[in-house]
Amino acid sequence: MNWLDSEQRYGVVSRLVHWAMAPLVLLMLASDWWMEALSKGTAMGLHKSTGLLLLGLLAFRLAWRWVNRGRLAPPAHLRRAAWLGHLALYGLLVAIPVTGLLAAWGSGHGVAFFGLPLIPAGAEVEWLEEAFEEGHEVLANLLWLVIGGHLLAVLAHQWLFADRTLQRMT
């Protein structure tokens, strides 16, 4: 069992973080559909906590990616596309929780991480809440498109390039 990535396979840490984040991101994106049906206070608290957890996992993932440099580089003709795709994915995974935090701050409700208060409740700042809530939604919708592109890239690697990328990540 290799902890670090190699040219043949992603390491245990990279795979665990990737596969921990993937269902959480999908859960967060889907929560827009089911949150209205649940108790908004409880559902919103879980949404905020999970978003903060994802932000923390992303920070760890980016630090790990910087430290762990043994991964296989994409072919030269795909390097720019891979870089842009990952930049879009990581950029959105940072921007979405940040805009969510700013919207929560503007709402005056505060933010807790699984019950641990991080941002205390305060006065509502309506323009802040509305602006960042709208941005939060737009970015989340954009993330659906980027995830679709990510999945298409996985399929291209699997079926067109036959480079075993999917097997190296599982």
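The values are calculated or read from the model by the stated rules, or taken from the named source; none is laboratory data. If you're wondering where the values come from, they're calculated on a predicted model, not measured in any experiment. No Cβ is skipped: glycine too gets one built from the backbone with ideal geometry, and neighbour counts run over all protein chains shown. What goes into the accessible areas is simple: the full protein's heavy atoms, side chains included, and nothing from ligands, DNA or RNA. Shrake-Rupley method; radii C 1.70, N 1.55, O 1.52, S 1.80 Å.
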| How many of the residues in the stretch 121-155 are under 15 Å from the mean Cα position of the chain (by Cα) and either in contact (Cβ under 8 Å) with a residue 60 or more places away in the chain or outside any helix (DSSP H, G or I) (or both)? | 8
| query | Hey, GLN158 hits all of (1) at pLDDT 90 or above; (2) assigned to a helix (DSSP H, G or I) but one; which does it fall short on? | reply | (1)
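Filter the stretch 96-120 down to the residues that are in a helix (DSSP H, G or I), out of contact with any Phe, Trp or Tyr (no Cβ under 9 Å at 6 or more places or on another chain) and farther than 20 Å from TRP33 by Cα and list them by number. First the steps, then the outcome.
Taking the stretch 96-120 first, the residues in a helix (DSSP H, G or I) are 96-107.
Keeping just the survivors that are out of contact with any Phe, Trp or Tyr (no Cβ under 9 Å at 6 or more places or on another chain) gives 96-97, 107.
Residue satisfying the conditions is SER107 alone.
Return the only residue of GLY100, GLY135, GLY106 being touching a Gly at 6+ places or on another chain (Cβ under 7 Å), surrounded by 15 or more Cβ atoms within 10 Å (Cβ to Cβ) and more than 21 Å from LEU16 (Cα to Cα). Please lay out each step first, then the result.
Working: GLY135 fails: touching a Gly at 6+ places or on another chain (Cβ under 7 Å); GLY106 fails: touching a Gly at 6+ places or on another chain (Cβ under 7 Å).
Answer to the selection: GLY100.
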| request: Restricting attention to the stretch 1-57, report how many residues are open to solvent by less than 60 Å² (accessible area, probe 1.4 Å) and part of a loop (DSSP other than H, G, I, E, B). | output: 4
| remark: Within the stretch 145-170, the residues that are of a type in the set (D, E, K, R) and surrounded by 14 or more Cβ atoms within 10 Å (Cβ to Cβ) are ASP163, ARG168
